[in-house]
Amino acid sequence: MTSSFFKKNNVRSDKRGFSLFETLVAIFLLMLAVAAAMSLTQKSLSTAYLSRDNVIASYLAQDAMEYVRAIRDHNYIVSNSGTITPWLTGLTGCIAATCGVDTTTGGAMFGCSGASCQLKFNSTTGHYNYLSGTASPFSREITLCHVGTGACGIAPSETYEMSIIITIKWKAGAFGDQTVVLRENISNWGNPL
């Protein structure tokens, strides 16, 4: 009678739980899945930051391009009002040279190279400039070249068309050095000087 009692109430049964090894394997597989998701998220964020920087760089290049065109247009307007002004007035220092311009203040073009072309970000105004704010990763260089000469800096006897080259450079962490180049030609469309 006692032997049948122990057989009926035996603690052992055919049902088994998870062993320590199985639990550790399950935790390891779960950690791999979480790590893969975290890695994907990190790469997505890095790519999003690179895309943001590309958009900012494109806007900075377009801003400078519009400024150069505005100088050319201003020279035409001044010439039409009676004061003869050559169409490249205010831009000649940038022919075959690297220049910068602070488009937020309407300042003149100035020669720059390397660190002096580095833009700053003013968090109060939300503008990029060369004078105030915290250092940004972006540098902006503007160069004008004569069209049709084969080399930047060789001026023909008469200049009717110039190529504007605006280069924005920055470092993008794991993506390395990045560059956006905007190139456009402007012409002496309204002033025969």
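The values are calculated or read from the model by the stated rules, or taken from the named source; none is laboratory data. As the structure is a prediction and not an experimental result, all values here were calculated from the model. Cβ placement follows ideal geometry from the backbone for every residue including glycine, while neighbour counts extend to all protein chains displayed. Remember, those area values only see protein heavy atoms, side chains included, never the ligands or the DNA or RNA. Shrake-Rupley method; radii C 1.70, N 1.55, O 1.52, S 1.80 Å.
Going through the stretch 71-93 one residue at a time, which ones are within 21 Å of Val181 (Cβ to Cβ) and touching a helix residue (DSSP H, G or I) at 6+ places or on another chain (Cβ under 8 Å)?
Within the stretch 71-93, just Leu91 meets the criteria.
Condition first: modelled with pLDDT under 90 and touching a helix residue (DSSP H, G or I) at 6+ places or on another chain (Cβ under 8 Å). Can you find one or more residues in the stretch 105-120 that meet it? Checked against the condition, which is being modelled with pLDDT under 90 and touching a helix residue (DSSP H, G or I) at 6+ places or on another chain (Cβ under 8 Å), the stretch 105-120 yields at least one hit.
Kindly check whether there is at least one residue in the stretch 51-58 that is open to solvent by 40 Å² or more (accessible area, probe 1.4 Å), at pLDDT below 90 and in a helix (DSSP H, G or I). Checked the stretch 51-58: no residue is open to solvent by 40 Å² or more (accessible area, probe 1.4 Å), at pLDDT below 90 and in a helix (DSSP H, G or I).
Applying the criterion of being part of a loop (DSSP other than H, G, I, E, B) and in contact with a strand residue (DSSP E or B) (Cβ under 6 Å, 6 or more places away or on another chain) to the residues of the stretch 131-153, the residue that is modelled with the highest pLDDT is Gly133.
Scanning the stretch 89-108 for residues that are of a type outside the set (Gly, Ala, Ser), open to solvent by 20 Å² or more (accessible area, probe 1.4 Å), touching a residue at least 40 places away in the same chain (Cβ under 8 Å) and assigned to a loop (DSSP other than H, G, I, E, B) gives Thr98, Thr103.
Contact annotation: residue pairs with Cβ atoms under 9 Å, 6 or more positions apart or on different chains, pairing a residue in the stretch 136-158 that is at positive phi with a partner that is at pLDDT 85 or above, are Gly148/Glu161; Gly153/Ile95; Gly153/Ala96; Gly153/Ala97; Gly153/Cys145; Gly153/His146.
Tell me, which residue of the stretch 77-88 that is open to solvent by less than 50 Å² (accessible area, probe 1.4 Å) and either in a loop (DSSP other than H, G, I, E, B) or at pLDDT 90 or above (or both) is nearest to Ala64 (Cα to Cα)?
Going through the stretch 77-88, the residues open to solvent by less than 50 Å² (accessible area, probe 1.4 Å) turn out to be 78-79, 85, 87-88.
Pick out the ones that are also either in a loop (DSSP other than H, G, I, E, B) or at pLDDT 90 or above (or both) and you get 85, 87-88.
Working: Thr85: 22, Trp87: 17, Leu88: 16 Å.
The residue in question is Leu88.
Candidates in the stretch 154-193 are the residues that are at pLDDT below 90, open to solvent by 60 Å² or more (accessible area, probe 1.4 Å) and touching a helix residue (DSSP H, G or I) at 6+ places or on another chain (Cβ under 8 Å); of these, the one that is farthest from Tyr128 (Cα to Cα) is Leu193. Selection of the stretch 124-139 for residues being open to solvent by 30 Å² or more (accessible area, probe 1.4 Å) and over 16 Å from the mean Cα position of the chain (by Cα) yields Thr124, Thr125, Leu131, Ser132, Gly133, Thr134.
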